[in-house]
Number of protein chains: 2
Amino acid sequence: MMKLSMLVPFCALALAVGLPAARADAPAGTSSVTSPRPAPTMQQVLDASKPSDWRPLDPANTLYMDLPKGRVVIELAPAYAPLHDDNIRTLAHEHYWDGTAILRVQDDFVTQWGDPQAEADHPTHVKPLGAAKKTVPAEFERDIDASLPFTALPDGDVYAPQVGFSDGFPVARDPQSNRTWLTHCYGMVGAGRDNAPDSGPGTELYVVIGQAPRQLDRNIALVGRVVQGMELLSALPRGTGPLGFYEKASQRTPILRVRLASDLPAAQRMKLEVLRTDTPTFDALIESRRNRSDAWYLHKAGKIDLCNVPLPVRVTPSAGGKRK
Amino acid sequence: MMKLSMLVPFCALALAVGLPAARADAPAGTSSVTSPRPAPTMQQVLDASKPSDWRPLDPANTLYMDLPKGRVVIELAPAYAPLHDDNIRTLAHEHYWDGTAILRVQDDFVTQWGDPQAEADHPTHVKPLGAAKKTVPAEFERDIDASLPFTALPDGDVYAPQVGFSDGFPVARDPQSNRTWLTHCYGMVGAGRDNAPDSGPGTELYVVIGQAPRQLDRNIALVGRVVQGMELLSALPRGTGPLGFYEKASQRTPILRVRLASDLPAAQRMKLEVLRTDTPTFDALIESRRNRSDAWYLHKAGKIDLCNVPLPVRVTPSAGGKRK
């Protein structure tokens, strides 16, 4: 198995470590064949992390979406979309999504879910919203605030003056206008809307499943990201109707239930934590991905795109237990 | 159906057209609410294209890979990987891939196929290669040449000094070193290799199914791209073994056959053509994607990433027939 795996481009979690191969025409400064200490790989960075480098998911910001094949875990981002996330919490309290379905999977774009009945009578919501709001003001960007953490990436961005990470989420910034916004990277979750800016109250959600559609940035409210179970949304059959909608109800994947973790008894909450993005460990992770030290790499990129930085998630090591 | 589709981010082929909405804080120069003529959408650009804007696929550079659920069509890129593509043609002549399988699907990275038996005895190829070579010299980049077409994108790139399109493929360039290379965008196909640069003769191929893994650029031979049937490779269940390999043989998708179009009788060849990337029509398409004129967009990006530019493919309009 390992032998075959060598025949391939290395993945995010490849464990193989080795000295970079020599290469005569490697750009100056990127070959470390003469370096006494090769830079650590991402796995080595993670293995050396401290417990304080990790942050447990806040149950009040964590959604569990149960599909027939497993659970998708979504972390909300209330620092960037507080009103949407409030409404989404209410919708979860109301069990709004129970019995709804995945309606659309468009290749290299998004998977989207919501009330199938809305199809016939949009924009009136067919399924009762209970205490949730039918409209929510646009939260497509916000002011930069000193209280918002920001770890900048060093390599620029095609779309924005600055990009980096804020509390575990990919963000962009424009210092000139003092504005900041979440970005449409793989796995980010947003609230679909109609043409009216306030018409996406979170009833219909989508997740990015392909090349980052950054043209959507600042046009729609991103509300969080998938931290576990992404493959349950990305590997679904693509819809054959316009925009990737399924043409038959039988093609849709049913949503069994969506719950806010804090609505469940503590014993039923998953113990997950994410790597903090405001630590030297995260800086080292970024560097390990900008310049790969795996033996396979002949040319080190020396750069990284915002949406290529992995955001590690793990099961919380048991208290008092030994960690490898 | 249309009503629901309005509730979502617009897709590549959305047909709705409208005046951009007014927005007080839109960056200067991007709001066209006062413009007498809104810019055309991509669909309008395509509708206005001339027959000469399209290029038929060359049968000698076209592979058909037949899976149980349908056909994947791959266009080879011999201007960038001539030796690999020669070997791949030979492997197709030899029916090398018939009865092989999809071995690996790693979420947000690649789908990969080849000989399952190689797993046990790599790097010796288990299945006979016939007239094909076991090793092929590295073709990870090449000199820039005046004969290579190049349509530059205007918005820069995180990884390379210049990016754009060459004969329908996404490429990067470094004018200082006079080098150019194909880039790892969604749908690009490459030849997996071991650590030795010449160890990827094309027997094992992969396709990008997530955010462009541009760190692979200049490290491995890209040999072409999927022009049809991408959803047959991107929507497969993710493998649960290391690197996304399937853990059980029963999980693999069998490859029924792979044929070079020119090895088939003319009547059995598919009539497909791709939009040329060296035309004013393609320039207009890029502009339609940099600044969306659909009514849904409140903020126009004004930029586009290399891997976000669609490369349209269509069935060749029948000779003498009327086209819409």
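Each row is one residue, and each column tells you yes or no for (1) within 30 Å of B:ALA118 (Cα to Cα); (2) in contact with a Cys (Cβ under 8 Å, 6 or more places away or on another chain).
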| site | (1), (2) |
| --- | --- |
| B:ALA146 | no, no |
| B:ASP155 | no, no |
| B:ASP174 | no, no |
| B:THR180 | no, no |
| B:CYS185 | yes, yes |
| B:ALA191 | yes, no |
Residues being open to solvent by 10 Å² or more (accessible area, probe 1.4 Å) and within 17 Å of the chain's Cα centre (by Cα) - total across the stretch A:287-314: 9
Restricting the search to the stretch A:46-63, which residues are of a type outside the set (D, E, K, R), within 16 Å of A:GLU273 (Cβ to Cβ) and surrounded by 13 or more Cβ atoms within 10 Å (Cβ to Cβ)? A:LEU46, A:SER49, A:TRP54, A:LEU57, A:PRO59, A:ALA60, A:ASN61, A:THR62
Out of all the residues in the stretch B:100-117, is one or more out of contact with any strand residue (DSSP E or B) (no Cβ under 9 Å at 6 or more places or on another chain), within 28 Å of A:GLY302 (Cβ to Cβ) and open to solvent by 10 Å² or more (accessible area, probe 1.4 Å)? yes
In the stretch B:222-233, the residues that are assigned to a loop (DSSP other than H, G, I, E, B) and open to solvent by less than 20 Å² (accessible area, probe 1.4 Å): B:GLY229
Qualifying residues in the stretch A:163-185 (those that are part of a loop (DSSP other than H, G, I, E, B) and over 22 Å from A:PRO201 (Cα atoms)) - the one nearest to the chain's Cα centre (by Cα): A:GLY168
Verdict on B:ARG218 being closer than 22 Å to B:THR240 by Cα and in a loop (DSSP other than H, G, I, E, B): no
Regarding B:SER166, is this residue polar (S, T, N, Q) and modelled with pLDDT of 95 or more? yes
Criterion: surrounded by fewer than 17 Cβ atoms within 10 Å (Cβ to Cβ) and charged (D, E, K, R) - qualifying residue of A:ASP174, A:ASP167, A:ASP157: A:ASP174
So which of B:LEU236, B:LEU243 ends up being open to solvent by 10 Å² or more (accessible area, probe 1.4 Å), assigned to a loop (DSSP other than H, G, I, E, B) and not β-branched (Val, Ile, Thr)? B:LEU236
Is there a residue in the stretch B:300-314 that is under 30 Å from A:PHE140 (Cα atoms), in contact with a helix residue (DSSP H, G or I) (Cβ under 7 Å, 6 or more places away or on another chain), among the charged types (D, E, K, R) and not in a loop (DSSP other than H, G, I, E, B)? no
Check on A:THR277, within 25 Å of A:PRO170 (Cα to Cα) and of a type in the set (S, T, N, Q): yes
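Residues are listed down the side, and each one gets a yes or a no for (1) modelled with pLDDT of 50 or more; (2) on the phi < 0 side of the Ramachandran plot; (3) of a type outside the set (Val, Ile, Thr):
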| residue | (1), (2), (3) |
| --- | --- |
| B:THR30 | no, yes, no |
| B:THR41 | yes, yes, no |
| B:SER49 | yes, yes, yes |
| B:SER52 | yes, yes, yes |
| B:LEU57 | yes, yes, yes |
| B:MET65 | yes, yes, yes |
| B:VAL105 | yes, yes, no |
| B:ASP108 | yes, no, yes |
| B:GLN117 | yes, yes, yes |
Look at A:PRO78 and say whether it is touching a residue at least 12 places away in the same chain (Cβ under 8 Å), surrounded by fewer than 16 Cβ atoms within 10 Å (Cβ to Cβ), in contact with a strand residue (DSSP E or B) (Cβ under 9 Å, 6 or more places away or on another chain) and of a type outside the set (A, V, I, L, M, F, W, C). no
Have a look at B:SER250, B:SER288, B:SER293, B:SER262 and point out the one that is within 13 Å of chain A (Cβ to nearest Cβ) and in a helix (DSSP H, G or I). B:SER288
Assess whether A:PRO197 counts as being open to solvent by 10 Å² or more (accessible area, probe 1.4 Å) and under 30 Å from A:ASP53 (Cβ atoms). no
Can you name the residue in the stretch B:122-170 that is free of Cβ contacts under 8 Å to residues at least 60 places away in the same chain and among the β-branched types (Val, Ile, Thr) and, of all such residues, is nearest to the other protein chains (Cβ to nearest Cβ)? B:VAL158
A careful count of residues in the stretch A:214-240 that are facing another protein chain (nearest Cβ under 7 Å) and not charged (D, E, K, R) gives 9
With respect to the numbered conditions (1) in contact (Cβ under 8 Å) with a residue 24 or more places away in the chain; (2) open to solvent by 20 Å² or more (accessible area, probe 1.4 Å); (3) over 23 Å from A:GLN251 (Cα atoms), which one is the sole condition not fulfilled by A:MET188? (2)
Among (1) part of a loop (DSSP other than H, G, I, E, B); (2) at pLDDT 95 or above; (3) under 18 Å from A:SER49 (Cβ atoms); (4) away from every other protein chain (no Cβ under 12 Å), there is one condition A:MET270 misses while meeting the rest; what is its number? (3)
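The values are calculated or read from the model by the stated rules, or taken from the named source; none is laboratory data. Since this is a predicted model, take the numbers as computed values, not measurements. Note that we place each Cβ from the backbone using ideal geometry, even for glycine, and neighbour counts take in every protein chain shown. Protein only, heavy atoms only, side chains kept; ligands, DNA and RNA dropped before computing areas. Shrake-Rupley method; radii C 1.70, N 1.55, O 1.52, S 1.80 Å.
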